[in-house]
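Derivation of every value follows stated rules applied to the coordinates shown; laboratory data play no part. Predicted model, so just to flag it, every value in this text is computed and none were measured. So basically every Cβ, Gly included, is an ideal-geometry build from the backbone, and we count neighbours across all protein chains shown.
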Amino acid sequence: MTIVGVLHAIAAVLLGAAAVLILFRILRGPSILDRMVASDVLVSSVVLVLGVEMVVNHHVRTLPIVLALSGTAVLGSIAVARYVSKHDRVEVVDTEGVPGVEEMEERAEGKVE
Amino acid sequence: MSVGAVGVEAVDVEAVDVGAVDVVAGVLLVIGALLTLAAGVGLVRFPDALSRMHAAAKPQVLGLICVLLAVALESGSWLTLLFIAPIVVLQLITTPMAAHMIGRAGYRTKNYRRSLIVSDELQDDIDRAQS
């Protein structure tokens, strides 16, 4: 396998792992905004996958799809964000185990006068 | 003989060039994929929606630019570069629109961890407007 093939394989594996992590956040939520941010990132990772595929197979046929996606991916999250209401508020309780949150809170408290 | 030798040499030089371009394109692809992975890790590990927006923007702008540059390098045509320019411009225009709308909705519906905020200048302005 050539070095170029290795680079392409690394890029493909990294994009696959990223897509799994993004899907986890879409499924887990907790709020609709988390899901919309994650689905925006999923669209851009699809665009990146299209780009990698173009480079690997030496063609530029899917560039119009990239153009359309980069122009319209934003509409969904704008439409959803417009109609988020206070009923969609999530009491944030699932970050208790997140490392570093306590430090961030202490730092935030220390700077508040 | 000499003509044949020159021809062989020219082919060799071209082969080396194409190989270098391929490697550069591959490195750009890996950079874009790394940024996407970083966004995925940030989406999973950051504590609230407003923090997750910070991680989300990296593959949308820099990752897209890297991968599209790789596509242009690989195709070796100026027309491709001409085609990816509006893609990058569209993405640069639309990504802040989405971030603005989501951030506004997140702030208004209080979908963030109050305890993580160091300073809230918008709340100061709201207080001043309402007093």
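Whole-Hz Karplus values for region B:71-76 come out as 4, 5, 4, 5, 6, x Hz, taken residue by residue from phi with 6.51 cos²θ - 1.76 cosθ + 1.60 and θ = phi - 60°; glycine and proline positions read x. Placing one equal scatterer on every Cα of region A:10-84 and applying the Debye formula, the log10 ratio I(q)/I(0) at q = 0.21 Å⁻¹ is -0.94.
As a footprinting exposure proxy, order B:Met53, A:Met104 by other Cβ within 10 Å, with the fewest listed first. Could the numbers behind the result be given before it?
Working: B:Met53 23, A:Met104 17.
Listing B:Met53, A:Met104 from fewest to most nearby Cβ atoms yields A:Met104, B:Met53.
Would you list B:Thr109, A:Thr62 from fewest to most Cβ contacts within 10 Å?
Values: B:Thr109 20, A:Thr62 17.
Placing the least packed residue first, the sequence is A:Thr62, B:Thr109.
May I ask for the angle, rounded to the nearest 10°, between helix B:49-58 and the longest principal axis of chain B, with both axes built from Cα atoms and the value confined to 0 to 90°? Result, in degrees: 20.
Dividing the alpha-carbon Rg of region B:2-130 by 2.2 N^0.38 Å yields what?
On the way: Rg = 22.9 Å, N = 129, 2.2 N^0.38 = 13.9 Å.
Relative to the 2.2 N^0.38 Å estimate, region B:2-130 comes out at 1.64.
By other beta-carbon atoms within 10 Å, ranking A:Val41, A:Val60 with the fewest at the front produces A:Val60, A:Val41.
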